[in-house]
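Q: Could you have a look at this structure, given as structure tokens, before my questions?
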2 protein chains.
Amino acid sequence: MELDFTKLDGLVPAVIQDAASGEVLMLGFMNADSYAATRASGEVTFFSRSRNKLWRKGEQSGHVLRVRDIRVDCDVDALLIRVDALGPGVCHEGYRSCFFRELLPSGESKVIAERTFDPNAVYGKESQR
Amino acid sequence: MELDFTKLDGLVPAVIQDAASGEVLMLGFMNADSYAATRASGEVTFFSRSRNKLWRKGEQSGHVLRVRDIRVDCDVDALLIRVDALGPGVCHEGYRSCFFRELLPSGESKVIAERTFDPNAVYGKESQR
């Protein structure tokens, strides 16, 4: 089965779900190379659109995402990756999940989670994640 | 808070999660109009890339996705929408979730879910979902 990378110029979205809790931790993008790297290493490796290169999640923070299994959707153009998340969180802002804000109907947002780590201590002044 | 629609030519990915079970049901895309329609109706409305128009999920099948809440990620370019899923499933192939196949390291896929409805009875010969 071949993934369909054609709809987003070589990328597919990958939803990352905590295998134990079911929490959706983040969404990233993969190209064919990052998918292959994820398979080869057993650790989630995205393609960073902003840095235009492969990005092994946790390469700086140590907050690695170990692959439990990978599911594909009916159109073969999206992935659901269930992981064991090492460390206290995946978000560069210091939260367990990148989805730490609720968007209210008014258009305002509300933080709905507690910080699980100090992002400055983990990431320093660099923006690499 | 303004969603960032610039990274994917006017779209953001929206992960749909069953609010009760935590199961990830599908991934779709929204443009600004479909996000507004989702807010106004309380029912998930995507932008269909293949049909180039708004697509209220369940408009044909009746398998509507009622919005419980909407979360946004740290980069404001992805949504996590928790829903009450009406009906037996969201997938046009007759499964509860569109992610009904596991992708094996070999490249082959394996169906890991049972069909919950007969897609021909629900969708007939049309491809509209």
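The values are calculated or read from the model by the stated rules, or taken from the named source; none is laboratory data. Keep in mind the model is a prediction, meaning the values are calculated, not measured. Methodologically, a virtual Cβ is constructed for each residue, glycine included, from the backbone with ideal geometry; neighbour enumeration extends over all protein chains shown. To get the accessible areas, we keep the full protein, side chains included, count just its heavy atoms, and leave off ligands, DNA and RNA. Shrake-Rupley method; radii C 1.70, N 1.55, O 1.52, S 1.80 Å.
Q: Look at B:A85 and say whether it is within 21 Å of A:P105 (Cβ to Cβ) and in contact with a Pro (Cβ under 6 Å, 6 or more places away or on another chain).
A: no
Q: Sticking with this structure for a sec: Determine, yes or no, whether B:V83 is of a type outside the set (G, A, S), crowded, with 19+ Cβ neighbours inside 10 Å and touching an Asp or Glu at 6+ places or on another chain (Cβ under 6 Å).
A: For B:V83, the condition - of a type outside the set (G, A, S), crowded, with 19+ Cβ neighbours inside 10 Å and touching an Asp or Glu at 6+ places or on another chain (Cβ under 6 Å) - is not met.
Q: Hey, another quick one. Among the residues that make up region A:87-110, is at least one of them more than 12 Å from every other protein chain (Cβ to nearest Cβ) and either surrounded by fewer than 19 Cβ atoms within 10 Å (Cβ to Cβ) or at pLDDT below 95 (or both)?
A: yes
Q: Checking the structure you have, find out if any residue of region A:1-12 is within 12 Å of another protein chain (Cβ to nearest Cβ), open to solvent by 10 Å² or more (accessible area, probe 1.4 Å), hydrophobic (A, V, I, L, M, F, W, C) and more than 21 Å from A:D75 (Cα to Cα).
A: No, because not a single residue in region A:1-12 is within 12 Å of another protein chain (Cβ to nearest Cβ), open to solvent by 10 Å² or more (accessible area, probe 1.4 Å), hydrophobic (A, V, I, L, M, F, W, C) and more than 21 Å from A:D75 (Cα to Cα).
Residues are listed down the side, and each one gets a yes or a no for (1) more than 10 Å from chain B (Cβ to nearest Cβ); (2) surrounded by fewer than 21 Cβ atoms within 10 Å (Cβ to Cβ); (3) touching an Asp or Glu at 6+ places or on another chain (Cβ under 7 Å):
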{"position": "A:A14", "(1), (2), (3)": "no, no, no"}
{"position": "A:A32", "(1), (2), (3)": "yes, yes, no"}
{"position": "A:T38", "(1), (2), (3)": "yes, no, no"}
{"position": "A:S41", "(1), (2), (3)": "yes, yes, no"}
{"position": "A:R51", "(1), (2), (3)": "yes, yes, no"}
{"position": "A:L54", "(1), (2), (3)": "yes, yes, yes"}
{"position": "A:R66", "(1), (2), (3)": "yes, yes, yes"}
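Q: Being farther than 19 Å from B:V15 by Cβ and among the hydrophobic types (A, V, I, L, M, F, W, C) is the filter here, so list the residues in region B:73-111 that pass it.
A: B:L104, B:V111
Q: Test A:G42 against the criterion of being on the phi > 0 side of the Ramachandran plot, in contact with a strand residue (DSSP E or B) (Cβ under 8 Å, 6 or more places away or on another chain) and at pLDDT 95 or above, and give yes or no.
A: yes
Q: Follow-up. If I filter region A:113-128 for residues that are out of contact with any helix residue (DSSP H, G or I) (no Cβ under 7 Å at 6 or more places or on another chain), part of a strand (DSSP E or B) and exposed (fewer than 15 other Cβ atoms within 10 Å of the Cβ), do I get at least one hit?
A: no
Q: I'd like to check something: does region A:105-122 contain any residue that is under 15 Å from B:I81 (Cβ atoms), out of contact with any strand residue (DSSP E or B) (no Cβ under 8 Å at 6 or more places or on another chain) and free of Cβ contacts under 8 Å to residues at least 60 places away in the same chain?
A: yes
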